[in-house]
Amino acid sequence: MSEGNGDTKKRFPLTLDSVTGDAGRKRTFAAPRSHSKQTATQNAARHSPLKPASMLQQKSAIPLNPSATARPVNQPLVSEAVRRAMVQRVAQQGVKDQQVLAAMEAVPRHYFLEPGLASQAYIDASLPIGYHQTISQPYIVARMIEVMRANASGKLDKVLEIGTGCGYQAAVLAQVAKEVYSIERIKPLHELARNNLRPLRIANLRLHYGDGMLGFPQVAPFDGIILAAAGLEVPQALLDQMAVGGRLVAPVGNRNQVLQLICRIGRNEWTTETLEHCHFVPLKPGTLG
């Protein structure tokens with residue numbers, strides 16, 4: 001989850017207006033493997049007066065708007081070398097999907113953080129974005145997207161994200177999927193994500209304010225669903241909105257959480273695999289205005 005701001009009088013291109021709001025499971029569990037947990041960092045770094053900088057040219061199939069006005073930040077934060085170093089660390093941690101790595105390099109993570117935390121944007125840690133939410137650690141973002149992409153067809157036509165937060169993961173998803181729908185239950189974070197994403201002009205991304213546990217049945221089924229918050233189990237509504245052959249990646253658990261991959265293999269049949277340990281904010285029902 002996340003927080004940021006932006007101000008422009010142009011019409012926001014990512015709005016999605018006026019959206020209204022048991023089957024059996026086959027589960028197969030594998031032993032979890034260990035990776036460093038993502039944890040919220042509570043310190044806010046202060047840095048020197050900010051200078052304007054231009055956006056890095058996008059290298060993926062769905063380019064960000066190269067003419068968008070960049071948010072003022074320290075020059076070192078927007079250098080290709082800094083972002084490339086982050087991606088190299090993610091690759092060293094085991095992420096091999098080159099399209100995912102290219103998307104991580106293309107999306108400027110510091111755009112989605114408060115200025116006081118921008119100097120920490122490319123470290124491998126989750127960071128606070130307000131409202132007791134976090135922007136996920138780069139490794140876990142890349143890992144979850146890589147797992148979701150590894151379906152039989154090798155493509156993602158339609159993806160649903162539960163927990164927009166600051167909008168960072170949604171922006172990365174939009175580089176590897178044809179259509180992305182993202183739901184946020186906390187109204188101020190929904191507005192924050194809109195502000196953060198506005199200058200990037202990502203045409204294939206739609207944001208929605210609502211209860212993520214209900215999913216988005218109006219536009220289902222989805223080839224991929226990704227959750228940025230952990231529940232004790234994945235809501236059945238989300239399982240029902242998966243396309244056959246689709247993949248859902250979600251953290252599951254309370255204090256001891258694991259990352260799970262759920263594949264829909266039939267109309268009333270799913271398989272579940274446990275991937276590794278993780279730590280996320282809790283998944284909650286309803287909305288907060």
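Coordinate-derived values only; no laboratory data. Predicted model only: the values in this text are computed from it and were never measured. Because the Cβ atoms are built from the backbone with ideal geometry, glycine has one as well, and the counts that use them run over all protein chains shown.
At-a-glance table
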| item | result |
| --- | --- |
| Convex hull of the range 218-289 built on C-alpha atoms - directionally averaged projected area, nm² | 5.3 |
| For the range 76-138 versus the range 239-289, the gap between their alpha-carbon centres in whole angstrom | 23 |
| Distance (nanometres) between label positions extended 7 Å along Cα→Cβ at E273 and N256 | 2.3 |
| Two-decimal ratio, the range 73-167, of alpha-carbon radius of gyration to 2.2 N^0.38 Å | 1.11 |
| DSSP bridge pairs, the range 130-289: antiparallel proportion in percent, nearest 5 | 45 |
| Stretch gain in nm, segment S153-K284, where the contour uses 0.36 nm per residue and the Cα spacing is subtracted | 44.0 nm |
| Global geometry of the range 143-262, whether rounded, prolate or oblate, following the gyration tensor of its Cα atoms and the 1.5 cut on a/c | oblate |
